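Got a structure here, written out as structure tokens. Questions coming.
The values are calculated or read from the model by the stated rules, or taken from the named source; none is laboratory data. None of these values were measured; they are calculated from a predicted model. Cβ placement follows ideal geometry from the backbone for every residue including glycine, while neighbour counts extend to all protein chains displayed. Accessible surface areas use protein heavy atoms only, side chains included; no ligands, DNA or RNA. Shrake-Rupley method; radii C 1.70, N 1.55, O 1.52, S 1.80 Å.
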Amino acid sequence: MLLAVLSGFILAFLAPWLTPRLGRAVGWLFGLLPAALFVWFASFIPVVASGETLLFSYPWVPGLDINLTFLLDGLSLLFALLISGIGTFIVIYAGYYLHGEAYQGRFYLLILAFMASMLGLVLSSNLVALFVFWELTSITSYLLIGYHHEEGKARASALQGLFVTVAGGLALLAGLVLLAVAGGSYELSELLTSGDVVREHALYLPLLLLILLGTFTKSAQFPFHFWLPNAMAAPTPVSAYLHSATMVKAGVYLMARLNPTLGGTETWLLLLGLIGATTMLIGSYMALRSTGVKQVLAYSTVMALGTLTMLIGVGTEKAITAAVAFLLAHSLYKGALFMIAGIIDHETGIKDFRELGGLRSAMPLTALFAGIAALSLAGIAPLFGFVAKELMFEAVLEAPAIGTVITLFAVASAMMVVAIAAVIGLRPWFGPRLPTKKTPHEAPPSLLAGPAVLATLGLLFGLLPMLPGQHLLSAAALAVAGEPIEVYLSLWHGFNLPLLLSATSLAVGLLLYWQWSRVQPALARLAAWDHLGPERGYEKVMASIVSISDSHTRLVQNGYLRYYILTIISTLLLLLAWTILTRYPVLPSPDLSGIAPHTFTILAITALAALYAVTTRSRLGAVAALGALGFGVALIYVLFSAADVGITQVLVETITVIMLVLVLFRLPGFLDFTLSGSRLRDGFIAVLFGGTITLILLMTTEVQFFPPISEYFIENSGPLGHGRNIVNVILVDFRAIDTLGEIFVLALAAIGVYAMLKLRAEDRKS
Amino acid sequence: MSHVVALPVLIPLLAGSISLIFWRSHSAQRWIGVIANAALLVASLWLLRETWVHGHLVMHMGNWPAPFGIVLVSDLLAAIMIVLTGITGLATALFSLSSIPREQERFGYYPLLHLLLAGVAGAFLTGDIFNLYVWFEVMLVASFALLILGGERAQMEGAIKYVTLNLLSSALFLTAIGLLYGVAGTLNMADLAVKLAEVPPEQSGLLTVIAMLFMIAFGIKAAAFPLFFWLPASYHTPQVAVSALFAGLLTKVGVYSLFRFFTLIFDQDVAFTHEILLWMAVLTMLSGVLGAAAQYEFRRILSFHSISQIGYMILGLALFTPLALVGGIIYIVHHSIVKASLFQISGLVYRLRGTYELKGLGGLFRSHPWLSILFLIAALSLAGMPPLSGFMAKFIIVRAGLEAGAWVAVFFALLVGLLTLYSMLKIWNEVFWKAGPETQHEVPTRGQSPRLTYYYLPIALFAVMTILLGVAIQPIYEIAERSASQLLDTRGYIEAVLGVQP
């Protein structure tokens, strides 16, 4: 199983190297891998159909509960078959479609990596592994949408798709972690049986909303649907595979997968039912409004994704059966139609329905398969799409709540879908032949293989619905429901309300198609209202990222060192004050009586010197005052019998003052640019800071919790350190490594100063 | 006593000194650079192995018993940091071979590099707070000298801000050391841990006040909000090899110190101190990533992201659960590798195209597919996309945060991940996908393709590491997990240093 998932990655990384070496046969040869996978997965059908669930486990990061655990039941098997099956035809198709392009190798790398990720996604039982594959599909999708990366529009669309899906993905990540917290496991195989615990958990609502954010963005549900039509900037094989048959269904897959754990609540029904129905309606409306071949198909995919979400939300036996049937039907006809769209583009160079007509004679086979697939899309007997649509109508009519609303939405949507199907299935092929950029020919076998097989399967499954129904779909429905359910698919359900709805929608749909050349422009005029739509919201968010970050950065990183210092000191003050006020019950009341009067004198001198240094307008005066301050400090050292430290201080002060005077002597006089207001502010902060440090100092001198280690030094510097000057022994023996470090500091400073003086950019240039 | 603890300090000190002896020979200095850093990497791996086997390694300098003399201590956190020092050190040495201009080699580039690494290693290994200050000084002076090497005007301007604000940090650090010594009478970290634990709770408020001083001092070093100003002012000015080393390693010293102090020494009032750290972390993440979104220069974007990522590491510390600390540690490892690699890529792009401005770049996906892939790996890893190291690091932090109920922090951690992706893709779009500008000139590579190898070599090695850290993270996770338990249960550390049961 591990090999099945990873083989795609292995071939992917070899693809850029292999592609130029295999020439024209590349598509057929690469197609062998997904084909083999399809056969391998198909061999599991009997076992899975008997209701068994297979688990394959490979440890990955066991400490974090991350494992490559794969779960094979009806649902994952159905998806795995779709992914590998359609993948086979896509790979073959791309071999011809992109032949001779410079990036064909990179394309195969991405599409094969995508296929492997998608397989991993639907097979993973581990939540984290599932998420890893989930994000991998987003990234490969991003790189594929941006295939024509030198066009600005492709880059923008790629970014939009990724940004929306990754934003949802991050919510999903949080949701999955919370799900694991609530359900007590990172394994779907265990979570599927602990639905009651999860639904009762306090975190149920937040985790549900987070997970749905992930699935709704991935599966292009309203209001996140806008990225999908833009993703059509990708090459057609990508649109057919990622953005219709597989990746966008990942969200639907996850909702179906989690239905036993999360589903069945009122929130679930309302959210999925209403949002799904809305998406369905908007998708079909937008499809009817558009004229671009891929645009129409993309919006009809949005419609299908909405339908699936709605059905999973309804969650009855009928609805679940309808969902899996619809899923299969859609993958078959939409995969076929997209590949046909690619053929049209490839053979005629035209991407708009209004400019297409009469191609039937030039490419009869293409026209035939387009017609079959379109019939399935429209839901007309005896195609499999009809079976699915009948089930869908039955399900919405029986919905436990909001039934009326979603039935109305479903019928309205079905009417428009019939019209769309007619536009796709009739318009390019019949009527007068319109001029094309290239002379159209029948497509070669590698392009036609996919549409032919997929469309034929749609017809076959329609005539014999028990063929997929008996084994695969019933197992899939069982997995979605989480409990055994009755699955019965048939073409003919008798004269009932669903059939009446079908007939009505067919009639109205054909009417709409008849008037398409009037309806479509009328609807397109409604585009003026699009500025209220969610896509504008996306644009606003992107614009506000730039503007917020601009103003934030101008404020924070303003370039002025003085404000930086001010901010740091103020932050420190704030934290200190807050800590002292909340954590220190009694402020110290220092006892000053023991201090000798001459100490006060020295203190007064240093304080005055400091004051003079900050107020004087003369540089030399300030330096001299700082010197006085330093000598005052030296005196204090002496008073507390640290004579050697005092001597060091005197030496340092003397040298500093002399050097500063030498340097400052060559500088021009002071210029005062500072406003008195900011001086006042700085002075205030400085005094407050000094005061706070003094306060802390007083607090610490009050307590001495433990005797200092210096007693050890006093005792042992003679006997063990063999020196009578304790400070010296500390410096060169007890703490010699400090001194070593300081020696290197001096060496470093010397190198730095040398380089600064000798290596100047200006000198070098001149 | 284990002498291997001293090797990571001794090797670069020695290499620095020998390089000074060979002041006039570039080639000798260059190869000393590579050999010494390779030796450092080997020694660091050996140290990690020994530490893994023995738990804690202690060396009493000058054979003076703790807490009176200075000790070098290696626990797993220190050993991990030392391995990172070895990795980034070697990568920098390799990258320097062809990227450092001749005249900078003439003015002590290599000695400065070695001594900087010595300072970093010393800071990771010391078990004494004043000695830590000394290593900070070594680092500060060495990094300052590296920043100004070259003498460009922008370098001077950045370096002034760098050195001023870092000296402020040093001053606060020293003040805090003095106050702590006044209260506890000791400088040894293990001894401090023992003694501060004995301070009666009603008096521990004073310790929290002192802890704040340390927090700010290290917060400045780590470039946390609102203390990070020196970083965006200076990191884009020196040679890219230096920027990569700084971003990969230097800010981590501040983070490491926060980890060390706020697990071992200041755990009296976790509810208070770590709550502050939490908000510091959140604001750091957010402020950094917003800063990056506003930039259009390759290195400036990366600099601001460094800040943002520091927030994640501090968040790991702030949450203070075992898993969160694991996340923090893995984040440190991940970020060192990825950020150093991204800076080096920016240097290679500069070498190829002669600019760092996104506006003037483009077309590299067409002309340099391998470089593009290397960038994409590093960039996606930084943005936390699976299956790379950044995802694992982020996942652990997010999971720890959710398990601890820190909703706000997790929300921002995820949001910042999205914004990181935004600016990484901005670079990808502008530098790699976009068609190159018409007037673009291919900077002649002077027919020296072997010299470009030294650009590619470290970048490719970093890419391999970030992939391995993502897909084969289990061993690193185990080390980080044991390291986190060492941090939370300080008895092992104390016993190893002081030789007594606490």
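With +1 on the Cβ of every Lys and Arg and -1 on the Cβ of every Asp and Glu, and nothing else charged, how large is the dipole of segment B:2-498 about its Cα centre, in debye rounded to the nearest 20? If you can, show how the numbers build up before the last one.
Numbers: 26 positive and 24 negative charges, 326 e Å.
Here the size comes out at about 1560 debye.
Of all the C-alpha pairs in segment B:1-155, what % are more than 21 Å from each other?
Result for the distance tail: 44 percent.
Still on this model: In whole Å, largest first, what are the principal axis extents of the Cα atoms in segment A:511-590?
97, 34, 12
Longest segment of chain A with no GluC sites (Glu not before Pro) in a DSSP loop having at most 16 other Cβ atoms within 10 Å?
A:487-766
Moving on to the next point. As a test of the definition: which semi-axes, in Å, follow for segment B:54-117 when you take the square root of five times each eigenvalue of its alpha carbon gyration tensor? Largest first, please. Spell out each step's value before the answer.
Working: eigenvalues 223, 52, 6 Å².
Square roots of five times the eigenvalues give 33, 16, 6 Å.
Between segment A:415-492 and segment B:137-179, what's the alpha-carbon centroid distance in Å?
Cα centroid to Cα centroid, the span is 70 Å.
Students often check this: by mean Cβ neighbours within 10 Å, which of B:274-284, B:119-129 ranks highest, and how do the rest follow? Let's see the in-between values first.
On the way: B:274-284: 21.3, B:119-129: 28.5.
Output ranking for B:274-284, B:119-129: B:119-129, B:274-284.
Can you list the residues, at least 5 places off or on another chain, whose amide H is less than 5 Å from the amide H of residue A:58, using H built in the peptide plane?
When sequence neighbours closer than 5 places are left aside, the close amide H contacts are A:68, A:69, A:70.
While we're looking at this one, here's another question. In a Debye calculation with equal point scatterers on the alpha-carbon sites of segment B:2-498 and no solvent, what is log10 I(q)/I(0) at q = 0.07, 0.08, 0.13 Å⁻¹?
Cα-only, vacuum Debye calculation for segment B:2-498: -0.33, -0.44, -1.22.
Which value results when the Cα radius of gyration for segment A:616-766 is divided by 2.2 N^0.38 Å?
Details: Rg = 21.7 Å, N = 151, 2.2 N^0.38 = 14.8 Å.
Expressed relative to 2.2 N^0.38 Å, the Cα Rg reads 1.47.
Something else about it: More than 14 angstrom separation, counting every C-alpha pair in segment B:207-260; what % is that? Walk me through the intermediate numbers first.
Values: 798 of 1431 pairs.
Here the tail beyond 14 Å accounts for 56 percent of pairs.
Here's a follow-up. Any idea which of A:751, A:209, A:422 is furthest toward the positive side of the dipole for chain A, if Lys and Arg beta-carbons carry +1 and Asp and Glu beta-carbons -1?
It is A:422.
Follow-up. Over the alpha-carbon set of segment B:259-339, work out the extent along each principal axis and list the three values in angstrom, largest first.
44, 24, 18
What spacing in nm lies between the two simple spin-label points modelled at residue A:647 and residue A:551, each 7 Å away from Cα in the Cβ direction?
Result: 6.3 nm between the two label points.
Using a Förster distance of 41 Å, how high is the FRET efficiency between residue B:366 and residue A:607, based on the Cβ-Cβ distance and rounded to 0.05?
Values: r = 69 Å, r/R0 = 1.69.
So the FRET efficiency works out to roughly 0.05.
Now a separate question. Work from the charge dipole of the protein assembly as shown (Cβ charges, +1 for Lys and Arg, -1 for Asp and Glu, about the Cα centre) and give the residue of B:45, A:567, B:244 farthest towards its positive end.
It is B:244.
Then there is this: What does the C-alpha gyration tensor say about the overall shape of segment B:337-466? Classify as rounded when a/c is under 1.5, otherwise prolate if a/b is larger than b/c, or oblate.
Prolate, because a/c is 1.5 or more and a/b exceeds b/c.
Over segment A:317-447, consider all pairs of different Cα atoms and compute the Kirkwood hydrodynamic radius from their mean reciprocal separation; express it in Å, one decimal. All intermediate terms of the calculation are to be shown ahead of the outcome.
Numbers: mean 1/r = 0.0632 Å⁻¹.
It works out to 15.8 Å.
Between residue A:153 and residue A:209, what FRET efficiency follows from the Cβ-Cβ distance if R0 is 35 Å, with the result rounded to 0.05? Walk me through the intermediate numbers first.
On the way: r = 33 Å, r/R0 = 0.94.
It comes to 0.60.
Taking a temperature of 25 °C and a viscosity of 0.890 mPa s, what whole-number D in µm²/s does Stokes-Einstein yield for segment A:539-582 with Rh from Kirkwood over alpha carbon pairs?
Translational D for this selection: 195 µm²/s.
Assuming 0.36 nm per residue, please report the length gained on full extension of the stretch residue A:430 to residue A:29 beyond their Cα-Cα distance.
On the way: separation 401, 0.36 × 401 = 144.36 nm, distance 3.62 nm.
Gain in length upon complete extension: 140.7 nm.
Which log10 I(q)/I(0) values, to two decimals, does segment A:592-703 give at q = 0.14, 0.19 Å⁻¹ under the Debye formula with one point per Cα?
The calculated log intensity ratios at q = 0.14, 0.19 Å⁻¹ are -0.76, -1.19.
A further question on this structure: Could you give the radius of gyration (one decimal) and Dmax (whole number) of the Cα atoms in segment B:138-287, in Å?
16.9, 55
May I ask which residue of A:291, A:488, A:369 lies farthest towards the positive end of the charge dipole of chain A, with charges of +1 (Lys, Arg) and -1 (Asp, Glu) on Cβ and the Cα centre as origin?
Going by the Cα projections, it comes out as A:291.
Taking only the Cα atoms of segment B:229-363, how large is their convex hull per residue, in Å³?
Each residue corresponds to 100 Å³ of Cα convex hull volume.
Let me ask something else about it. Which of the residue pairs A:153/B:394; A:318/A:389; B:359/B:426; A:249/B:434; B:221/B:339; A:438/B:434 have a Cα-Cα distance greater than 22 Å in the structure shown? The partial results should precede the final answer.
Values: A:153/B:394 32 Å; A:318/A:389 12 Å; B:359/B:426 11 Å; A:249/B:434 31 Å; B:221/B:339 17 Å; A:438/B:434 30 Å.
Check vs 22 Å cut-off fails for A:153/B:394; A:249/B:434; A:438/B:434.
Would you please name the chymotrypsin sites (Phe, Trp or Tyr not before Pro) within segment A:610-689 that are DSSP coil residues with at most 16 other C-beta atoms within 10 Å of their C-beta?
Details: sites: A:612, A:631, A:637, A:640, A:665, A:670, A:673, A:684, A:689; in loops: A:640, A:665, A:670, A:673.
Loop-located and lightly packed - A:640, A:665, A:670, A:673.
Calculate what fraction, in whole %, of the accessible area of the protein assembly as shown sits on carbon and sulfur atoms when a 1.4 Å probe is rolled over the protein chains. Each step should come with its number before you reach the end.
On the way: 31070 of 45430 Å².
Roughly 68 percent of what the probe reaches on the protein assembly as shown is carbon or sulfur.
Please state the Cα pair-distance histogram of chain A with 20 angstrom bins from zero: what percent is in each bin?
In whole percents, the pair-distance histogram is 14, 36, 17, 18, 13, 1.
Between segment A:718-732 and segment B:320-365, how many Å separate their Cα centres?
Rounded to whole Å, the Cα centres lie 49 Å apart.
Something else: Counting C-alpha atoms alone, how compact is segment A:501-543: give Rg to one decimal and Dmax as a whole number, in angstrom.
16.1, 48
Then there is this: Which value, to two decimals, describes the C-alpha radius of gyration of segment A:367-438 once divided by 2.2 N^0.38 Å?
Values: Rg = 15.7 Å, N = 72, 2.2 N^0.38 = 11.2 Å.
Relative to the 2.2 N^0.38 Å estimate, segment A:367-438 comes out at 1.40.
Now for a different question. Only helical DSSP H runs with n ≥ 4 go in: add -39500 (n - 2.57) per run for chain A, normalise by residue count and round the 222 nm mean residue ellipticity to 500 deg cm²/dmol. Show your work: numbers first, answer last.
Details: 33 runs with 545 residues, N = 766.
Helix contribution divided over all residues of chain A: -23500 deg cm²/dmol.
Next up: Can you tell me how much longer the chain between residue A:615 and residue A:674 gets when fully stretched, taken as 0.36 nm per residue apart minus their C-alpha distance, in nm with one decimal? Mind showing how you got there, number by number?
On the way: separation 59, 0.36 × 59 = 21.24 nm, distance 1.27 nm.
Computed gain between residue A:615 and residue A:674 is 20.0 nm.
May I pose another question? List the relative contact order of segment B:2-498 as a percent without decimals, with contacts defined as Cα pairs under 8 Å and 6+ residues apart.
Numbers: 833 pairs, mean separation 81.0, N = 497.
The value is 16 percent.
Semi-axes of segment A:286-337's equivalent ellipsoid from the Cα gyration tensor, sqrt of 5 times each eigenvalue, largest first, rounded to whole Å? The partial results should precede the final answer.
Values: eigenvalues 114, 31, 5 Å².
Calculated on Cα positions only, the semi-axes equal 24, 12, 5 Å.
Stretched out fully, how many nm does the piece from residue A:703 to residue A:664 gain, at 0.36 nm a residue minus the Cα gap?
Numbers: separation 39, 0.36 × 39 = 14.04 nm, distance 4.40 nm.
Additional length available on full extension: 9.6 nm.
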